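The values are calculated or read from the model by the stated rules, or taken from the named source; none is laboratory data. Bear in mind that the values here come from a model prediction, so they are computed numbers and not experimental data. No Cβ is skipped: glycine too gets one built from the backbone with ideal geometry, and neighbour counts run over all protein chains shown.
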Ligand code: C2E
Ligand code: CA
Ligand code: CA
Ligand code: CA
């Protein structure tokens with residue numbers, strides 16, 4: 001039911017209303033975090049619309065369940081978020097992503113890695129210290145780690161979240177607002193968040209070609225971001241027409257299947273070598 005439509009079996013609990021099986025899946029996820037072979041990260045490039053250069057890579061988690069096959073993050077991340085399991089899961093993702101970014105940097109291709117954060121991480125007062133501890137242990141410079149948050153994050157408990165966000169940002173980690181335009185966000189809120197980048201949700205980017213209203217939304221988001229001094233990323237860029245349109249609108253960075261799908265690190269490295277050759 002997802003973009004990676006393959007013949008491989010994919011588990012979707014939406015068609016499985018059974019609470020017991022949800023609990024079982026959570027148990028499986030808890031065990032998967034402790035092992036090395038089920039959870040992995042795929043990486044998708046972000047590309048500058050002005051220069052064509054790769055400006056970073058977003059880490060997206062994948063779960064290969066031993067019985068159920070591929071389980072997508074839209075399924076298990078919300079489940080993990082409804083329990084404290086999201087904390088060890090986020091730590092696991094950060095460890096993998098930071099190790100990958102360190103490996104790129106050590107090979108002379110310092111590609112910043114972007115990690116998706118759940119709301120609950122920003123309500124954990126120890127979160128920033130945990131992230132800086134990881135950077136210290138691995139030796140990854142802070143500017144090579146980006147964190148993507150959704151606006152709802154900051155809305156849940158603005159004071160708490162802002163404290164954590166400021167600590168991360170003051171330490172040199174750059175922050176992105178993800179899925180911009182989808183939340184019940186107040187635009188006025190944006191100016192108080194210590195963010196560097198705004199990512200326009202793929203639903204608007206994809207509708208832009210056929211819907212004037214969506215084109216206006218994308219245009220407005222770009223203007224708003226630039227007026228606030230933020231860089232703008234368009235998600236879900238699937239074809240050349242979108243690239244051309246976004247360039248005309250002055251969008252800074254594009255990400256989507258037009259360039260590459262999210263892929264395992266080894267495939268990303270091959271893609272990068274071919275792309276930059
Ligand atoms: P997101 O952060 O908005 O990630 C973008 C999603 O769009 C990804 O889905 C990506 O595979 C997909 N995508 C990328 N390019 C295109 C395109 O050109 N067309 C289309 N149709 N889709 C594209 P994915 O990997 O299934 O992840 C879904 C969501 O799960 C993410 O949305 C993010 O919110 C969450 N997620 C993924 N990994 C993690 C993680 O490690 N931690 C947390 N907390 N959330 C994660
Ligand atoms: Ca994201
Ligand atoms: Ca997004
Ligand atoms: Ca999303």
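List of remarks:
- For residue 246: the one exception among (1) more than 15 Å from ligand 1 (Cβ to nearest atom); (2) over 19 Å from residue 59 (Cβ atoms): (1)
- Restricted to segment 35-57, and to residues there that are part of a strand (DSSP E or B) and farther than 17 Å from residue 105 by Cβ, the residue that is farthest from ligand 1 (Cβ to nearest atom) is 48.
- Qualifying residue in segment 215-233 (condition: within 22 Å of the chain's Cα centre (by Cα), under 18 Å from residue 112 (Cα atoms) and within 16 Å of ligand 4 (Cβ to nearest atom)): yes
- Residue tally, condition at pLDDT 90 or above and either in contact with a helix residue (DSSP H, G or I) (Cβ under 8 Å, 6 or more places away or on another chain) or more than 16 Å from ligand 3 (Cβ to nearest atom) (or both), over segment 170-186: 7
- Filter pass, residue 19 being surrounded by fewer than 18 Cβ atoms within 10 Å (Cβ to Cβ) and touching a residue at least 24 places away in the same chain (Cβ under 8 Å): no
- The helices (runs of 4 or more DSSP H) found wholly in segment 110-208 and carrying at least 2 residues that are surrounded by 18 or more Cβ atoms within 10 Å (Cβ to Cβ) and more than 16 Å from ligand 1 (Cβ to nearest atom) occupy 127-138.
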